[in-house]
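Okay, structure first, notes after.
What follows draws every value from the coordinates through simple rules; no lab data is involved. Note that this is a predicted model, so its numbers are computed, not measured. Positions of Cβ are backbone-derived with ideal geometry, glycine not excepted, and every protein chain shown enters the neighbour counts.
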Amino acid sequence: MALMAVETLTAQMAPKSHTVNGVVYATKSNGDREVVPFATVYWLQSGTYVDCDVDGKFTFTVFEKADDATLVATAIGYNTDTLVVNYNTKDVEFLLQGVNELEKAVVQARQEGSYLSKMTPVKTEVITAAGLCKMACCNLAESFENSASVTVGYSDAITGAKQIRLLGLSGIYTAMLDENRPTMRGLAAPFGLSYIPGQWLESIQIAKGPSSVVNGLEAITGQINMEHRKPTDEKPLFINLFVDNHLMTEANIASSLQLNEKWSTVTMGHYSSMPMGHDGNGDGFKDEPTSLKFNLTNRWLYYDESGMQIRFGIRALTDDRTGGMTSFKKEMRSENSADALNTMVHNGIWGSNINNKGVNAYVKVGVPLNAANTRNVAFVADYTYHQIDSYFGLKDYNGNQNSVFANLIYQEEIGDSHRINAGIRNQFDLFDETLNDIYLTNYGQLWNTHKYILDRKENSIGVYGEYTYTLGEKFSAVAGVSVDYNNLHGLLVAPRANIKYAFTEDIIFRASGGRGYRSPNLVVDNIGMLSTGREISIAPNLDMEDAWTYGGNITGYLPIGENRNSYLSFDYFRTDFNKQIIVDQELDLSKVSIYNLDGKSFTNTYQVDFSVEPIERFIIIATYRYTDAKVTLAGQGLVERPMTSRYKGVLNLQYATRMSIWTFDFTAQLNGPCKLPSFMATPDMTTSPAYPVFFAQVTRKFKGVDVYIGGENLTNYKQQNPILGWENPYSSEFNASQVWGPILGWKVYAGMRFTLWKK
């Protein structure tokens with residue numbers, strides 16, 4: 001009884017309350033209203049909040065003795081709306097208005113997943129965070145399914161390494177940047193695409209042709225810049241989980257924390273596991289290696305009210321992958337002894353193991369030199385350590401890399417039209433590499449060993465200057481030159497220029513030209529060649545690669561479709577090599593011959609892009625690319641570049657229901673034929689066949705959680721016999737490096753993304 005009396009008294013003393021029911025609406029472009037699912041409504045005075053349901057409805061409790069309650073409704077992509085309610089208010093409606101036109105364009109672009117930037121002097125394709133969510137999962141290699149500009153394929157049928165192609169050339173000629181810092185250089189290059197989860201990124205920017213001299217000399221065919229999630233991200237916690245029908249599992253996590261007004265940090269983790277080896281074509285070899293990867297990064301931002309910024313971070317990774325025959329176990333080669341190797345050869349068992357470890361640390365400091373921030377100075381420093389220990393059958397390859405990049409940049413804006421960039425830059429690389437090339441000249445009879453010591457200490461220091469002239473949005477021109485001294489290759493001069501001219505607001509012309517250089521990393525640039533039974537033959541005194549790239553683009557934005565931002569775009573680019581490293585498997589069928597180019601080597605690339613939104617939230621993107629690639633091979637002269645696809649067509653269809661509660665994405669690719677090397681060709685087939693590949697994904701959005709399912713290679717198309725001579729893996733006929741099509745069959749997957757938003 002006493003307890004009941006206390007409860008009764010408490011109830012009498014408590015303030016009376018009642019429920020306010022409401023709906024959050026938004027105004028559509030045609031003036032109609034639509035509900036806003038998952039909007040947030042909060043009580044300004046008390047700090048309490050509720051989330052709307054999928055129908056935009058909410059319920060709030062208001063107390064009798066409270067002052068008038070100020071309720072605020074907010075949703076991403078809309079301005080807030082405020083209502084004052086009191087104890088007598090029973091039902092309310094919010095009506096949100098869209099943000100300003102520029103912001104709407106950005107929001108729409110993110111919903112579309114990709115767009116072409118209007119502002120940059122270089123044609124730049126931007127894949128947004130929303131676009132990355134439409135891809136199969138998980139890493140950078142899988143982020144270009146909807147792009148015809150970038151082609152992704154396996155470097156071989158053993159390692160699982162994927163490589164990109166831009167302007168018809170290998171990705172080694174494309175500068176990979178992490179927020180404008182060079183990355184994926186040297187020993188990390190062959191597997192680097194798998195170390196950057198797509199869910200870590202805010203966007204990917206793809207620029208064809210020569211780019212700014214500020215970022216270095218290695219952008220021959222273009223550059224791909226990645227923007228990571230920021231410490232100031234509005235999502236303090238993000239989790240992505242993924243599994244496919246091959247039991248590949250992935251987990252990504254990102255957590256941002258705002259410590260105070262000046263300091264913020266973000267921590268991102270990545271886990272990937274492929275525990276099972278699959279042999280879909282019955283050749284006794286795994287279609288992809290078993291693997292285990294861990295990747296962890298921590299980034300910090302300091303921002304002072306003076307405008308000074310300090311960014312720094314560190315990343316560590318480990319990657320272990322085992323390929324080869326399904327019967328192979330790492331214990332069989334745990335001891336690198338003659339007995340162990342003899343046993344494997346005698347039993348006809350071939351296996352591979354690759355172990356990568358790496359650490360990267362960086363710091364970026366930006367300091368304004370005046371109150372208007374028209375003059376500033378920045379300093380960038382980056383350190384990379386990477387280690388690879390590997391074997392491929394009888395071949396052993398081990399390497400260590402220490403690299404330091406430093407860049408001091410001065411920038412000044414003079415009025416509205418002129419900008420100057422100038423600086424001094426240094427790239428230091430220390431490589432310690434050993435290749436033990438063991439091969440059998442007569443199958444099972446005679447052993448030969450060739451040991452290559454590929455150590456090098458390379459230092460390149462240079463100065464650069466760049467001038468930009470801008471005349472409103474109509475015209476801009478960028479001209480720059482970099483002059484570097486390389487301790488191994490002498491003086492390097494790299495001029496570059498870009499122009500943009502808008503005939504009208506919706507018709508934009510761009511042209512660019514420039515020179516690029518890169519020092520080859522002979523083994524890792526061509527990691528697939530180790531998956532052969534051939535002798536590796538490297539010519540002495542190989543020079544660095546040197547090429548000119550030039551081209552142009554015209555883009556017309558069309559006043560059709562729902563968003564009035566459709567476009568039709570035409571590209572042409574040409575790359576001419578002065579010096580190039582040739583990896584030739586046709587000169588001597590018992591060898592992989594590596595030598596300097598003696599003659600011409602060039603590519604011509606033509607591309608057309610079209611995008612339209614015929615009805616609200618339904619987007620069509622169509623792209624076609626044609627490549628004419630020629631190279632001079634010893635004993636053959638100028639011929640079509642082997643294993644280079646002649647064309648690629650992409651059709652992408654995207655549809656989203658209101659507020660993207662449901663999203664549907666479908667992509668069809670048509671991959672054109674490529675010239676086969678002579679040892680693969682037959683009288684009836686000198687080129688690979690053209691083949692289609694289909695992708696699809698469906699996503700359902702709930703409050704804070706997205707659930708998705710999808711499929712890849714839905715027609716189950718596969719290259720037949722991607723491993724040549726698999727019956728005799730220690731003979732010179734064994735070759736797993738000639739991959740032109742899909743290795744794996746169809747794949748289905750499912751996953752979920754959890755996002756916690758700041759309130």
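For this structure, a couple of remarks:
- Listed by chain and number, the lysines placed with their C-alpha closer than 21 angstrom to that of Lys90 are Lys16, Lys57, Lys65; residues fewer than eight positions away on the same chain are left out.
- For the stretch 565-697, the C-alpha radius of gyration divided by 2.2 N^0.38 Å, with N the number of residues, is 1.41.
- Rounded to the nearest 20 debye, dipole of the stretch 589-719 from Cβ charges on Lys, Arg, Asp, Glu: 200
- Dipole magnitude for the chain: about 440 debye, using +1 per Lys or Arg Cβ and -1 per Asp or Glu Cβ, origin at the Cα centre.
- Cα lying deepest toward the dipole's positive end in the chain, options Val583, Ile253, Ile224, charges on Cβ: Ile224
- nm² value of the averaged projected area, convex hull over the Cα atoms of the stretch 192-234: 4.0
- Charge-dipole axis of the chain as Lys and Arg at +1 and Asp and Glu at -1 on Cβ define it, positive-most pick from Trp746, Thr59, Asn728: Thr59
- Violating pairs (Cα-Cα greater than 27 angstrom) within the set Lys395/Lys747; Lys330/Lys675; Lys123/Lys703; Lys329/Lys457; Lys134/Lys747; Lys123/Lys718: Lys395/Lys747; Lys330/Lys675; Lys123/Lys703; Lys329/Lys457; Lys123/Lys718
- Three semi-axes describe the equivalent ellipsoid of the stretch 393-487; taken as square roots of 5 times the Cα gyration tensor eigenvalues and ordered largest first, they are 50, 16, 9 Å.
- Charge dipole (the chain, unit charges on Cβ, about Cα centre) - positive-most of Gly280, Val377, Asn360: Val377
- Using all pairs of distinct alpha-carbon atoms, the Kirkwood hydrodynamic radius of the stretch 102-225 works out to 14.8 angstrom.
- Cleavage-rule hits (trypsin sites (Lys or Arg not before Pro)) in the stretch 501-583: DSSP loop, at most 12 neighbouring Cβ within 10 angstrom: Arg564
- Rh by Kirkwood over Cα pairs, then Stokes-Einstein D for the stretch 663-759 at 1.306 mPa s and 10 °C, µm²/s: 96
- When only the Cβ of Lys, Arg, Asp and Glu is charged (+1, +1, -1, -1), the dipole of the stretch 314-451 relative to its Cα centre reaches about 180 debye.
- Mean separation of Cα contacts under 8 Å (6+ apart) over length of the chain, as relative contact order %: 10
- Where only alpha carbons of the stretch 345-389 are counted, the Rg and the Dmax (Å): 23.1, 75
- Peptides 590-599, 209-218 ranked from most to least packed give 209-218, 590-599, packing being the mean of other C-beta atoms within 10 angstrom over each peptide's residues.
- Inter-part distance where the stretch 533-604 and the stretch 276-338 are each reduced to a Cα centre, Å: 28
- Counting all C-alpha pairs of the stretch 269-421, share separated by more than 29 Å (%): 46
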